[in-house]
1. Applying the selection to region B:116-162, what residues are of a type in the set (S, T, Y) and more than 18 Å from B:A72 (Cα to Cα)?
2. Hey, could you check region B:22-45 for residues that are outside any helix (DSSP H, G or I) and open to solvent by 30 Å² or more (accessible area, probe 1.4 Å) and say which is farthest from the other protein chains (Cβ to nearest Cβ)?
3. Is there a residue being over 15 Å from A:F43 (Cβ atoms) and out of contact with any helix residue (DSSP H, G or I) (no Cβ under 7 Å at 6 or more places or on another chain) anywhere in region B:32-46?
4. Hey, among A:P92, A:P105, which residue is out of contact with any strand residue (DSSP E or B) (no Cβ under 8 Å at 6 or more places or on another chain), more than 17 Å from B:G151 (Cα to Cα) and modelled with pLDDT of 95 or more?
5. When you check B:I97 against the structure, is it hydrophobic (A, V, I, L, M, F, W, C) and surrounded by fewer than 21 Cβ atoms within 10 Å (Cβ to Cβ), yes or no?
6. For A:S91, state whether it is in contact (Cβ under 8 Å) with a residue 60 or more places away in the chain, open to solvent by 40 Å² or more (accessible area, probe 1.4 Å), among the hydroxyl-bearing types (S, T, Y) and closer than 17 Å to A:A72 by Cβ.
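The values are calculated or read from the model by the stated rules, or taken from the named source; none is laboratory data. Being a predicted model, the structure only gives us computed values, none of them experimental. Cβ placement follows ideal geometry from the backbone for every residue including glycine, while neighbour counts extend to all protein chains displayed. Heavy atoms of the whole protein, side chains included, go into the accessibility calculation; ligands, DNA and RNA do not. Shrake-Rupley method; radii C 1.70, N 1.55, O 1.52, S 1.80 Å.
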Number of protein chains: 2
Amino acid sequence: MTNSEFNPPIEDRYFEDYIPGSVYEFGSILVEEKDILDFAQKFDPQIFHLDKDKARNGPFGGLIASGWHTTALAMRLLVDNFLSKVAGMGSPGSGPIRFLKPVRPGDELSIRVTVLKATRSRSKPDRGSIRIYIETMNQHRDVVMTRIGIGIVRCRPVSKKA
Amino acid sequence: MTNSEFNPPIEDRYFEDYIPGSVYEFGSILVEEKDILDFAQKFDPQIFHLDKDKARNGPFGGLIASGWHTTALAMRLLVDNFLSKVAGMGSPGSGPIRFLKPVRPGDELSIRVTVLKATRSRSKPDRGSIRIYIETMNQHRDVVMTRIGIGIVRCRPVSKKA
């Protein structure tokens with residue numbers, strides 16, 4: 001079953017709330033041409049990300065978003081909807097990423113997140129690591145990108161007895 | 001041996017020019033605080049990327065760049081120095097990424113690129129894929145991030161006989 005809401009809410013979400021097997025969907029974000037060009041100018045000035053006219057004769061037959069732009073937009077959806085506002089401790093890295101289909105101006109991106117694994121730290125028992133599979137989809141529900149994500153999340157504080 | 005120049009030049013570089021075992025270094029890019037905040041606002045609004053004051057009490061003891069910002073800056077160094085301006089055909093994805101040390105305001109990033117493998121396509125003999133190991137370093141030459149990159153590159157056109 002896929003959930004579009006994640007309970008508890010993002011301000012009260014801890015390691016224990018990421019249950020392996022859970023699936024969530026969030027989105028969407030519109031990818032505008034100017035955003036594609038702006039990202040490309042700053043970070044990835046390859047012709048097919050940067051120049052609409054020249055891109056037409058390039059390998060993708062038109063302008064496409066940098067894969068790192070798509071990755072960053074998927075991250076935005078993750079931060080706004082899935083990660084915790086109170087217990088997130090960053091990430092030691094990422095598993096493999098696949099860019100499966102081009103992202104073009106006007107596309108609307110959403111994400112489907114599957115919790116793969118949640119492992120409590122042995123050495124630091126106040127936290128654990130979660131491993132997730134992120135599928136980024138366009139408005140046709142084509143998967144344009146996949147990524148394995150890893151996050152360190154603090155455990156729920158033990159509540160004081162009354 | 002590490003090279004800081006890659007011959008042939010970027011406007012005349014093809015699949016055949018990426019020789020497994022070659023190592024190159026390129027850089028640097030200064031990471032300014034406003035760039036960290038700007039990237040975080042757009043793509044990764046976690047407190048330790050976004051709010052200098054609150055970041056002080058966070059898991060990294062201060063503001064740090066989003067890992068995707070670091071990835072994007074390493075990509076910029078790759079596009080400006082290592083990839084080809086004439087033969088690049090994009091990427092099917094990325095291998096694993098490790099974020100090893102925080103990137104903080106004022107850091108200067110450079111990259112060391114090792115060509116791991118170059119495989120000519122069997123089905124499309126006009127191109128090949130290159131597999132590279134990218135180490136992103138700060139001004140102290142600490143490796144802050146590593147990534148396995150994959151790129152599709154066109155082969156050098158066969159020159160017409162006179």
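1. B:T119, B:S121, B:S123, B:S129, B:S159, listed by residue number.
2. Quick first cut of region B:22-45, residues outside any helix (DSSP H, G or I) only: B:22-32, B:44-45.
Imposing the further condition that a residue be open to solvent by 30 Å² or more (accessible area, probe 1.4 Å) reduces the set to B:25, B:27-30, B:32.
Working: B:E25: 20, B:G27: 14, B:S28: 15, B:I29: 10, B:L30: 14, B:E32: 13 Å.
Checked region B:22-45; the qualifying residue farthest from the other protein chains (Cβ to nearest Cβ) is B:E25.
3. Scanning region B:32-46 turns up at least one residue that is over 15 Å from A:F43 (Cβ atoms) and out of contact with any helix residue (DSSP H, G or I) (no Cβ under 7 Å at 6 or more places or on another chain).
4. Details: A:P92 fails: out of contact with any strand residue (DSSP E or B) (no Cβ under 8 Å at 6 or more places or on another chain).
Residue meeting the stated conditions: A:P105.
5. Details: hydrophobic (A, V, I, L, M, F, W, C): yes; surrounded by fewer than 21 Cβ atoms within 10 Å (Cβ to Cβ): no.
So B:I97 fails the test.
6. Yes: the conditions hold for A:S91.
Matching residues to (1) open to solvent by 50 Å² or more (accessible area, probe 1.4 Å); (2) without any contact (Cβ under 8 Å) to a residue 40 or more places away in the chain:
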{"residue": "A:I47", "(1), (2)": "yes, yes"}
{"residue": "A:G58", "(1), (2)": "no, yes"}
{"residue": "A:L77", "(1), (2)": "no, no"}
{"residue": "A:K85", "(1), (2)": "yes, no"}
{"residue": "A:V115", "(1), (2)": "no, no"}
{"residue": "A:R120", "(1), (2)": "yes, no"}
{"residue": "A:D126", "(1), (2)": "yes, yes"}
{"residue": "A:I134", "(1), (2)": "no, no"}
{"residue": "A:H140", "(1), (2)": "yes, yes"}
